[in-house]
């Protein structure tokens with residue numbers, strides 16, 4: 001049995017329900033779900049203490065562990081119109097990203113793709129405060145922070161907290177690259193070898209395809225981990241983050257991952273390292 005780390009967010013529980021419940025026929029692998037916040041998974045992989053053999057990772061975390069992990073071709077969160085948002089209170093004087101130079105900004109973790117995008121697409125904030133993603137909007141709403149970087153389902157609910165969008169970093173990325181935005185990937189330990197990597201890819205691909213074909217199957221699992229989100233929000237979240245790139249990265253998805261990593265390395269924000277893809281997969 002291989003422990004498999006992923007987030008409790010609706011897109012992950014939807015996509016991987018079949019894989020972790022033995023509902024994919026014909027597989028030789030058994031996966032044990034380990035659900036945790038994405039930044040907790042990032043930090044666990046980087047620390048390399050009790051490492052998970054298979055785990056979801058943000059792109060900066062992937063760069064930090066590229067010598068130990070390689071990306072699987074299925075299961076990624078990648079696409080168009082799915083980027084993190086910078087939000088402020090409705091009463092905030094901030095009108096553009098340039099105003100962040102005097103702002104204290106809440107971020108969902110220093111190893112998240114969202115923070116990498118903020119660091120490469122926006123002026124440097126006066127200061128940042130790292131916290132769990134669900135704490136970002138309350139921190140902005142109550143005035144603890146001047147602005148916040150929101151991810152996951154927060155892009156659908158920030159208005160309910162009296163907040164407004166200052167910028168969509170996904171749109172800025174798409175304008176700069178004309179490609180999809182890679183937010184997170186599923187990576188497996190390199191020592192598992194190509195055969196197991198191929199088996200894992202096939203299992204996750206089948207799980208995603210099964211969920212998309214029969215969305216009622218994972219619904220109870222999604223609901224159990226969705227932090228009391230309304231069904232409509234869960235459905236929006238899944239529709240946005242589970243797409244054809246989740247089934248297979250393909251050439252375009254792999255290129256987008258390489259592009260973002262290279263952009264971060266060129267800016268001195270990410271360490272240099274080997275290709276994040278195993279050969280001959």
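The values are calculated or read from the model by the stated rules, or taken from the named source; none is laboratory data. Model, not experiment: these values are computed from the prediction. Ideal geometry is used to build each Cβ from the backbone, glycine not excepted, and the neighbour counts take in all protein chains shown.
Among the residues of the stretch 184-198, which ones are over 14 Å from residue 275 (Cβ atoms) and crowded, with 17+ Cβ neighbours inside 10 Å?
Across the stretch 184-198, the qualifying residues are 184, 186, 188, 189, 192, 196.
If you take the residues of the stretch 65-105 that are closer than 22 Å to residue 9 by Cα and not in a loop (DSSP other than H, G, I, E, B), which of them is nearest to the chain's Cα centre (by Cα)? Break it down into steps so the answer makes sense when it comes.
The initial filter retains those residues of the stretch 65-105 that are closer than 22 Å to residue 9 by Cα, namely 71-87.
Now restrict to residues that are not in a loop (DSSP other than H, G, I, E, B): 71, 77-79, 85-87.
Numbers: 71: 13, 77: 6, 78: 8, 79: 11, 85: 13, 86: 16, 87: 18 Å.
Of everything passing the filter in the stretch 65-105, 77 is nearest to the chain's Cα centre (by Cα).
For residue 265, work out the one condition from (1) more than 21 Å from residue 73 (Cα to Cα); (2) within 17 Å of the chain's Cα centre (by Cα); (3) assigned to a helix (DSSP H, G or I) it doesn't fulfil.
The number of the failed condition is (2).
Of the residues in the stretch 241-262, how many are under 28 Å from residue 13 (Cβ atoms) and assigned to a helix (DSSP H, G or I)?
13
Which one of these is buried (at least 19 other Cβ atoms within 10 Å of the Cβ), outside any helix (DSSP H, G or I) and in the same structural domain as residue 9 (by TED's automatic domain parsing): 204, 229? Let's see the steps before the verdict.
On the way: 204 fails: outside any helix (DSSP H, G or I).
Exactly one of 204, 229 is buried (at least 19 other Cβ atoms within 10 Å of the Cβ), outside any helix (DSSP H, G or I) and in the same structural domain as residue 9 (by TED's automatic domain parsing), namely 229.
Going by the structure shown, is residue 210 in the same structural domain as residue 27 (by TED's automatic domain parsing), surrounded by 19 or more Cβ atoms within 10 Å (Cβ to Cβ), more than 20 Å from the chain's Cα centre (by Cα) and part of a helix (DSSP H, G or I)?
In short, yes.
If a residue has to be crowded, with 20+ Cβ neighbours inside 10 Å and either without any contact (Cβ under 8 Å) to a residue 12 or more places away in the chain or assigned to a helix (DSSP H, G or I) (or both) to count, how many in the stretch 140-160 make the cut? Write out each step before concluding.
Within the stretch 140-160, the subset crowded, with 20+ Cβ neighbours inside 10 Å is 140, 145-155, 158.
Next cut, either without any contact (Cβ under 8 Å) to a residue 12 or more places away in the chain or assigned to a helix (DSSP H, G or I) (or both) only: 140, 154-155, 158.
Matching residues across the stretch 140-160 total 4.
Scan the stretch 29-49 and tell me whether some residue there is crowded, with 21+ Cβ neighbours inside 10 Å, in a loop (DSSP other than H, G, I, E, B) and in contact (Cβ under 8 Å) with a residue 12 or more places away in the chain.
No, the conditions are met nowhere in the stretch 29-49.
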